[in-house]
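The values are calculated or read from the model by the stated rules, or taken from the named source; none is laboratory data. Please read these numbers as outputs of a predicted model, since none were measured by experiment. Every residue, glycine as well, gets a Cβ built from its backbone with ideal geometry; the counts of neighbours run over all protein chains shown.
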C-alpha cells in the first residue's frame, strides 16, 4: 500500500488559529479530493490544553508526528515579541536536520528564523514586519514584495491570505495544477495571484518599506515590453549606478535577473491556464523569442515548457466530483 505524503501542522501556545485552520482546510480538501495527503495537527504534548489568544486548544497528537511527517507547517505567531513557546525551536531544528520540508505562514517565519533555518536564504514576510525581521535576523534575505518564497526545503508566506497562495503552490508542486485549481474553486479563491504585496500595501507604508515597490508593480504590468535599465532608473528618479545598487540590495537580484524570474512565472501561469502557443506566450511576457523562453523555463524549473504544460494544464482532465 502506497504511503501518502504526511503533513504535520504544528500548533503551539500563541498560534494564530485562523492560519492553522486555513492550512488544515486546504490540505484536508486535497485529501478529500484525491487522497493526496495524510494531515495531522500536533503540539508538544498530546491532549495538552494551551492558549491561542482567547481560545483554548487541545490536539490529539504529540510532537512525535514531526518525525513521521514529510512536510511540517508552522502557522503564524500572535505576538512575535514574546519568547518562542516551549521547545518549538529545537523540534524544528531536528526536523530540518532530518530532511523535512518546513513551511511557515505569515509570522510563523519568526519561529523559523529564531531556529536558524533561514540563515542565508530568502524569506517572505508581511510588509509590516519586514523591518523587524531584517533587523533581528540580518543573515536572512528578507523579501517584503513577494507573496511567498519557495527555497526548496524551507518555504514562507508573506501574510495570512498569502498562506493560502503558498499552500496551493505546494499542492500544485506536489500533485499538479488540476488539483490546486479544484481546491481554489471549492474555496472561492484565486488559484494563482499575479504580482506581489505592493498592490496591497498602503502608499505611505510602501514607501517606507521599499522605495522600489511601485517600480516593481509597474514592471509586472509591463512585462511584455522591452525595458532597459535607464528607463527603470528614470522612473524612480535615480542615477543608473544608484538604481542598480539599490535594486540589488532590495531584491538580491539584478534588474535583468528579476525580470526573467517574473517573466518565467507569468509564462508558467499561461502554460497552465491557456492554450496559447509558446511563441505567443513568449511575446506576451517579454521574451525575445520562444527559444529564450524555453531556455529560461528549463533553467528555472528543470523541465521543458511543453512537458510542464502537458502535466499541469487542465484540458481534457476528468471532472471533479465533490459529492463524495
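Checking 128, 107, 56 one by one, the residue that is assigned by TED's automatic domain parsing to the domain that holds residue 20, over 14 Å from the mean Cα position of the chain (by Cα) and closer than 26 Å to residue 165 by Cβ is 128 and no other. Of the residues making up region 32-70, those that are surrounded by fewer than 21 Cβ atoms within 10 Å (Cβ to Cβ), touching a helix residue (DSSP H, G or I) at 6+ places or on another chain (Cβ under 8 Å) and assigned to a strand (DSSP E or B) are 38, 40, 52, 55, 57. Among the numbered criteria (1) within 17 Å of residue 63 (Cα to Cα); (2) surrounded by 19 or more Cβ atoms within 10 Å (Cβ to Cβ); (3) free of Cβ contacts under 8 Å to residues at least 40 places away in the same chain, which single criterion is violated by residue 117? Here residue 117 clears every test but (1). Going by the conditions given, is residue 29 part of a strand (DSSP E or B) and in contact (Cβ under 8 Å) with a residue 40 or more places away in the chain? So residue 29 does not fit the description; no.
Every residue, every condition in (1) under 20 Å from the mean Cα position of the chain (by Cα); (2) in the same structural domain as residue 240 (by TED's automatic domain parsing); (3) at negative phi; (4) touching a residue at least 60 places away in the same chain (Cβ under 8 Å), yes or no:
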{"position": "265", "(1), (2), (3), (4)": "yes, yes, yes, no"}
{"position": "269", "(1), (2), (3), (4)": "yes, yes, yes, yes"}
{"position": "274", "(1), (2), (3), (4)": "no, yes, yes, no"}
{"position": "277", "(1), (2), (3), (4)": "no, yes, yes, no"}
{"position": "280", "(1), (2), (3), (4)": "no, yes, yes, no"}
{"position": "287", "(1), (2), (3), (4)": "no, yes, yes, no"}
{"position": "291", "(1), (2), (3), (4)": "no, yes, yes, no"}
{"position": "294", "(1), (2), (3), (4)": "no, yes, yes, no"}
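Would region 298-310 turn up any residue that is farther than 20 Å from residue 176 by Cα, assigned to a helix (DSSP H, G or I) and in the same structural domain as residue 216 (by TED's automatic domain parsing)? Checking region 298-310: not a single residue is farther than 20 Å from residue 176 by Cα, assigned to a helix (DSSP H, G or I) and in the same structural domain as residue 216 (by TED's automatic domain parsing).
Selection of region 71-82 for residues being out of contact with any helix residue (DSSP H, G or I) (no Cβ under 7 Å at 6 or more places or on another chain) and either touching a residue at least 40 places away in the same chain (Cβ under 8 Å) or crowded, with 16+ Cβ neighbours inside 10 Å (or both) yields 71, 78, 79, 82.
Scan region 76-84 and give yes if some residue there is under 14 Å from residue 155 (Cα atoms), in a loop (DSSP other than H, G, I, E, B) and at pLDDT below 95, otherwise no. Yes, that holds for at least one residue. Note on region 97-107: residues that are touching a helix residue (DSSP H, G or I) at 6+ places or on another chain (Cβ under 9 Å) and surrounded by fewer than 23 Cβ atoms within 10 Å (Cβ to Cβ) amount to 3. When you scan region 103-114, do you find a residue that is modelled with pLDDT of 95 or more, closer than 30 Å to residue 144 by Cα and in a strand (DSSP E or B), even just one? Checked region 103-114: at least one residue is modelled with pLDDT of 95 or more, closer than 30 Å to residue 144 by Cα and in a strand (DSSP E or B). If the condition is being assigned to a helix (DSSP H, G or I) and touching a strand residue (DSSP E or B) at 6+ places or on another chain (Cβ under 6 Å), then region 124-133 contributes 130, 133.
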